[in-house]
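In what follows, a single structure is set out as structure tokens and then discussed.
The values are calculated or read from the model by the stated rules, or taken from the named source; none is laboratory data. Keep in mind it's a predicted model, so treat the numbers as computed, not measured. Quick reminder, even Gly has a Cβ in these numbers, built from the backbone with ideal geometry, and neighbours come from all protein chains shown. For the accessible areas, the whole protein counts, side chains as well, though only heavy atoms, and no ligand, DNA or RNA atoms are used. Shrake-Rupley method; radii C 1.70, N 1.55, O 1.52, S 1.80 Å.
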Amino acid sequence: MDLTVIATGGTIDCVDEDGVLRPATSDLTPYLGRHELIRPFTILSENAGFVHYIKLAKIICALKSRSVIVTHGSDTLPYTAAALGFCLAGTDKTVVITAADKPLGDPSSNAYANLEASARVAGSGAGGVYVAYARRGCEADVYYGVRMNEARDFDGEYSAPAGSLYASDGGRTVYGKPLAGKPLPPVFAPVAAYRFMPEMICPVSCGPVLIMGSHSGTASERQLYELSERCGSVWLCGGTGGLVYASKAALKGKIKFLDNIAWPAAYIKATLLFGGFPREKAEKMMTENLAGEFFC
């Protein structure tokens with residue numbers, strides 16, 4: 001397999017220095033065999049942002065190799081995955097992003113399972129952007145880049161919205177197929193984004209506002225109404241098909257609903273659309289399934 005590894009840092013690449021984990025430069029050859037290695041930056045993923053997404057997308061587009069593994073930190077992994085999922089939609093390259101719960105040198109790290117699954121999927125020729133990550137004591141699950149929830153608080157477990165995994169068992173049991181779509185230009189713009197909490201305070205914004213609702217996809221009627229009066233373009237995310245609560249029905253026509261999409265994908269999609277297109281077109285495209293991000 002002609003494999004390129006893009007190492008960006010994160011826990012998988014860290015060393016422990018007096019109890020502090022710091023990004024380093026690990027040798028992945030014993031785990032992945034011979035490969036081309038690119039290190040565009042070495043950071044902890046909480047420090048990643050738009051400039052890093054753009055750099056990664058440009059590097060991957062320019063590669064001759066069709067099998068690519070990106071090593072990354074776990075904290076913002078779903079956001080980088082979503083960014084690459086949208087910017088590389090429809091690619092014939094197989095791009096697998098992975099991370100680890102502990103440094104590669106730790107025998108209890110899930111890095112070994114993650115790298116093994118990454119190599120298997122990268123060599124499959126499936127095409128598209130994926131994430132390989134193992135739950136504790138399990139083989140890695142494989143996620144679509146644009147269908148991945150944030151890690152669960154405290155234990156760092158990932159999930160796919162509505163269980164929409166691409167594959168399990170380290171990529172051996174495949175449930176889905178590559179997602180179709182056309183790439184979005186890697187042009188990002190800041191978007192105001194907040195999680196719903198009772199009596200939350202949102203600063204005044206003249207741009208679009210995304211609100212991550214409760215697990216029922218709802219948020220305070222009053223707060224959303226006041227926000228729509230100030231900002232105009234307000235999107236409530238986090239809902240799924242099923243019951244429509246009165247609090248949501250009352251806001252029809254005042255705010256917009258973005259259901260059946262993971263929060264990282266919703267946020268990254270908004271930053272790309274409002275960064276690369278006029279506002280009216282961006283608002284229309286927000287509801288379109290551009291890269292398979294809507295899971296049902």
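Among the candidates Tyr143, Tyr194, which residue alone is in contact (Cβ under 8 Å) with a residue 40 or more places away in the chain, open to solvent by less than 60 Å² (accessible area, probe 1.4 Å), part of a strand (DSSP E or B) and out of contact with any helix residue (DSSP H, G or I) (no Cβ under 7 Å at 6 or more places or on another chain)?
Among Tyr143, Tyr194, only Tyr143 is in contact (Cβ under 8 Å) with a residue 40 or more places away in the chain, open to solvent by less than 60 Å² (accessible area, probe 1.4 Å), part of a strand (DSSP E or B) and out of contact with any helix residue (DSSP H, G or I) (no Cβ under 7 Å at 6 or more places or on another chain).
Among the candidates Lys177, Lys182, single out the residue that is part of a loop (DSSP other than H, G, I, E, B), under 19 Å from the mean Cα position of the chain (by Cα) and free of Cβ contacts under 8 Å to residues at least 60 places away in the same chain.
Answer to the check: Lys177.
Six or more apart or on different chains, Cβ under 6 Å: which pairs go from a residue in the stretch 37-48 that's at positive phi and open to solvent by 60 Å² or more (accessible area, probe 1.4 Å) to one that's part of a loop (DSSP other than H, G, I, E, B) and of a type in the set (D, E, K, R)? Could you list them?
Cβ pairs passing all conditions: none.
Over 22 Å from the mean Cα position of the chain (by Cα), open to solvent by 40 Å² or more (accessible area, probe 1.4 Å) and not acidic (Asp, Glu) - does that describe any residue in the stretch 217-224? First the steps, then the outcome.
Restricting attention to the stretch 217-224, the residues satisfying the condition of being over 22 Å from the mean Cα position of the chain (by Cα) are 218-224.
Cutting the leftovers down to open to solvent by 40 Å² or more (accessible area, probe 1.4 Å) gives us 221-222.
Now narrow it down to the ones that are not acidic (Asp, Glu): 222.
Yes, the stretch 217-224 has at least one match.
When the residues of the stretch 44-66 are filtered to those that are over 22 Å from Val187 (Cβ atoms) and not in a helix (DSSP H, G or I), which remaining residue is nearest to the chain's Cα centre (by Cα)?
The first filter runs over the stretch 44-66 and keeps only residues over 22 Å from Val187 (Cβ atoms), leaving 44, 46, 64-66.
Then keep just the ones that are not in a helix (DSSP H, G or I); that gives 44, 64-66.
On the way: Leu44: 16, Lys64: 24, Ser65: 23, Arg66: 21 Å.
The qualifying residue nearest to the chain's Cα centre (by Cα) is Leu44.
Here is a check on your reading of the model: is Pro183 open to solvent by 70 Å² or more (accessible area, probe 1.4 Å), within 24 Å of Ala82 (Cβ to Cβ) and touching a Gly at 6+ places or on another chain (Cβ under 9 Å)?
Yes, satisfied.
Would you check which residues across the stretch 6-36 are open to solvent by 90 Å² or more (accessible area, probe 1.4 Å) and of a type in the set (Ser, Thr, Tyr) and list them?
Thr25, Tyr31
Residue check, Glu199 against (1) among the charged types (D, E, K, R); (2) within 27 Å of Ala117 (Cβ to Cβ); (3) assigned to a loop (DSSP other than H, G, I, E, B), all met but one. Which one?
Of the numbered conditions (1) among the charged types (D, E, K, R); (2) within 27 Å of Ala117 (Cβ to Cβ); (3) assigned to a loop (DSSP other than H, G, I, E, B), the odd one out for Glu199 is (2).
Conditions first: (1) at negative phi; (2) out of contact with any helix residue (DSSP H, G or I) (no Cβ under 6 Å at 6 or more places or on another chain). Gly127 passes all but one, so which condition is the exception?
It fails just one condition, (1).
Quick check on my filter: what residues within the stretch 257-287 are outside any helix (DSSP H, G or I), crowded, with 17+ Cβ neighbours inside 10 Å and of a type in the set (S, T, N, Q)?
Matches in the stretch 257-287: Asn260 only.
Which of the residues belonging to the stretch 75-124 are open to solvent by 20 Å² or more (accessible area, probe 1.4 Å), under 22 Å from Val15 (Cβ atoms) and of a type in the set (A, V, I, L, M)?
Ala113, the sole residue that qualifies.
Could you list, in sequence order, the residues of the stretch 232-247 that are surrounded by 18 or more Cβ atoms within 10 Å (Cβ to Cβ) and more than 18 Å from Phe294 (Cβ to Cβ)? Walk me through how you get there before you give the answer.
Of the stretch 232-247, the ones surrounded by 18 or more Cβ atoms within 10 Å (Cβ to Cβ) are 233-239.
Listed by number, the residues that qualify are Ser233, Val234.
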